[in-house]
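Written out below as structure tokens is the structure these notes cover.
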Amino acid sequence: MSESLKIYNTLTREKEIFKPLAPPHVGLYVCGPTVYGYVHLGNCRTFTSFDIVYRYLNHLGYKVRYVRNITDVGHLTGDTDDGEDKIAKKARLENLEPMEIVQRYTVDFHTVMKKLNNFEPSIEPTATGHLLEQMALVKEIIAEGFGYESNGSVYFDVKKYNEKYQYGKLSGRVLEELLASTERENLRRELQGQEEKRSQEDFALWKKAEPQHIMQWESPWGMGFPGWHLECSAMSTKYLGKKFDIHGGGLDLKFPHHECEIAQSVGSTGEEPANYWMHANMLTINGQKMSKSLNNSILPVELFAGKHPLLEEAYSPMTLRFCMLQTHYRSTMDLSNDSLKASRKGYKKVINGLRIAKQLVYPETAENQIDSKQIEQIDLIISQLYEGMNDDFNTAKTLAALFELLKKINSLESGQIQAENLGKECFDNLIKTYIVFVEEILGLFEEEPADQKRLVESLMQIYKEAKQHKNYSQVDQIRANLKNLGIVVKDMKHKIDWAYEE
RNA sequence: GGUCACGUGGCCGAGAGGCUAGGCUGAGCUCUGCAAAAGCUCCUACAGCAGUUCGAAUCUGCUCGUGACCUCCA
């Protein structure tokens, strides 16, 4: 199976057969969030996309080292390099230590990831935890002649880099055109403070900090902080080596972030950092990209609680995950009440099937009357499941096949297909494949019903009626059943209520 | 303005020169004490115009529309 996995490589703009550098090991680096605010649904989509990549590679038997960073310094606000650090700004606004900000939003990020059933990465390094590595990288870049110091800051010399290598190959940009375009932009905005740079396209490797700046460290170039693009280069190199297999991130990071990463790596080591570049497409809301800067973000908590003007009701984490899986990661995904409702139904259908699959037993004593046509169909569906995933992690395709497999499972349950007609081998394969794809590869699990309380309430209603009719055997039965669920009936003089068993 | 995507049935969404997913919705049938669930069947689409081809939703060109990136974003 592993030979046929194809990955769309942004670098070549083609689907390529995946060949790891050192099988069975695979190095996967994904650009993580800047933790200056709550993660929004758009962020979640990217990380869920790469969770699928991670899961499937694991399923294929690869030993994956999945590195996903936390950006906790260096990411500037505003249009220019003069912008304030995002973390520092938030800290100032909320009158907190920068690391309190980082902690708060990192915890939120992890909580949401967990709800969506995304695996934790193997390593989750932070920028502030790798300042030495970043400074070392700056030194290397300077030594190679691609970095220069200017007034306490260090910049990457894009023009010089472009003489030897090609800047912009990932995003398909030509430096001259970029320069023309930024010059025009700059004119329009009358940007100032760019005179430190030799060229507009140069980007900061290290920024000098003003005395009042609350996040700064000592460096060979004075007090300052690292540039945003630097951490990813430093940390991917540290944990995955100069060259590794897959580098991923959101499409909006393609330029300039990933382009700069490539320049930093090539500029310091002469080697391209990653073989395969993968980009997850944007999530839109009413046809517009969901982004913090556009102020149209819906937070996961808002979605799960149904508390947002755009939401008609609450949608569970698994509903959201299912919804994401129904769209290929390279397509934009538009979020709407209709699509979420449809996803909820689809998700529940899949989970009902999971329950059935786990309950079905092959009748050992039965006589076999093999239905080869049925077996053929099931084998075909199973191969389609893999075809979908092998085709650049096309979960939408896989899901289509999964529903076909589900029909077989439902037919087995209703007796429209007899298990013994499939033979033990086919039956086992059918059940196992379904469970593996749902739980292990797609990462869907059975959610506790959100309205469990209402279930209890309705049971309590029956209890009360039974009590009134003095149907005590039923009363005792309900009481015992609820106790098994950790709920005790509080049968008091004035009213009947329930409580969690203590 | 430059660069790059995309436009698929009532809705969401795969696909990618002939085999024309899947989910949701709607209609019908089977099963069923009723209902539900499940299974089966149906409604069968590819923005518009022109071209290439025996054949195009799929390739080419143009037009219209939408979005992304070019500036912080996953």
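The values are calculated or read from the model by the stated rules, or taken from the named source; none is laboratory data. It should be emphasised that the depicted structure is a prediction, and the values quoted were computed from it without experimental measurement. Note that each Cβ is placed from the backbone with ideal geometry, even for glycine, and that neighbours are counted across all protein chains shown. We work out accessible area using only protein heavy atoms, side chains counted, and drop any ligands, DNA or RNA first. Shrake-Rupley method; radii C 1.70, N 1.55, O 1.52, S 1.80 Å.
Assorted remarks:
- Hits in the stretch A:355-391 (condition: open to solvent by 50 Å² or more (accessible area, probe 1.4 Å) and part of a loop (DSSP other than H, G, I, E, B)): A:361, A:364, A:365, A:367, A:368, A:369, A:370, A:371
- Here the condition is being touching a residue at least 40 places away in the same chain (Cβ under 8 Å) and farther than 14 Å from residue A:347 by Cβ; of A:404, A:447, A:420, it holds for A:420 alone.
- Residue match in the stretch A:450-473 (condition: open to solvent by less than 30 Å² (accessible area, probe 1.4 Å), at positive phi and free of Cβ contacts under 8 Å to residues at least 24 places away in the same chain): no
- Evaluation of residue A:481 against the conditions (1) farther than 28 Å from residue A:116 by Cα; (2) free of Cβ contacts under 8 Å to residues at least 40 places away in the same chain; (3) part of a loop (DSSP other than H, G, I, E, B); (4) not small (Gly, Ala, Ser) shows that the sole unmet condition is (3).
- Residue A:287 open to solvent by less than 40 Å² (accessible area, probe 1.4 Å), on the phi > 0 side of the Ramachandran plot and either at pLDDT 95 or above or within 14 Å of RNA strand B (Cβ to nearest atom) (or both): no
- Any hit, the stretch A:30-37, residues being surrounded by fewer than 21 Cβ atoms within 10 Å (Cβ to Cβ) and either at pLDDT 95 or above or within 16 Å of RNA strand B (Cβ to nearest atom) (or both): yes
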